[in-house]
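Worksheet: one structure, shown below.
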C-alpha cells in the first residue's frame, strides 16, 4: 500500500492535541512527518505521508477534530523570468520557503520547505509563483 501525502492545517484549538499519537495508536497508521510548522498564534501546517488499512478512518478523525485535510497533489514553483525580486512573498510564507538573501537582496525559493499553502500566489504582484500539478 502506497503512502498518501497529505497537508494538515489546524488552528490554535488543536495545535496542542496528540493527533499523531491517535493516528498511530487508534487507527494503526504509519506516519512520516515531512514538514511541520506552528506559528506564534499556534496555528499550524503539517505535511505527512500516511499509510494503513484504516486510512479513511484516520482522515475522518482528523476532520472531526477541526483539522483541514488536503491531498498533496500540487507543487509550487517560481517562474524566474517573471520574478522581479520585490520580496512581497517572503513575509507571507509560513514555512520560510521564500526568503530574502542578504546582502544581495535576492528572493530565494526552497521548494523542499514549501507546504503548498498558496499564500505566495495570492500576494505576488507579477504572478511569478505558479502551481504545477
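The values are calculated or read from the model by the stated rules, or taken from the named source; none is laboratory data. Values in this document were obtained by computation on a predicted structure and should not be read as measured data. FYI the Cβ positions are ideal-geometry reconstructions off the backbone, even for glycines, and counts take in every protein chain you see.
Things worth noting here:
- Some residue of segment 18-29 being under 29 Å from residue 128 (Cα atoms) and either modelled with pLDDT of 90 or more or in a strand (DSSP E or B) (or both): no
- Among (1) in a strand (DSSP E or B); (2) touching a helix residue (DSSP H, G or I) at 6+ places or on another chain (Cβ under 6 Å), the one test that residue 49 misses: (2)
- Residues in segment 83-116 that are part of a loop (DSSP other than H, G, I, E, B) and more than 15 Å from the chain's Cα centre (by Cα): 83, 84, 85, 86, 87, 88, 89, 102, 103, 104, 105.
- Subset tally (residues that are closer than 20 Å to residue 74 by Cα, exposed (fewer than 13 other Cβ atoms within 10 Å of the Cβ) and at pLDDT 90 or above) for segment 97-133: 3
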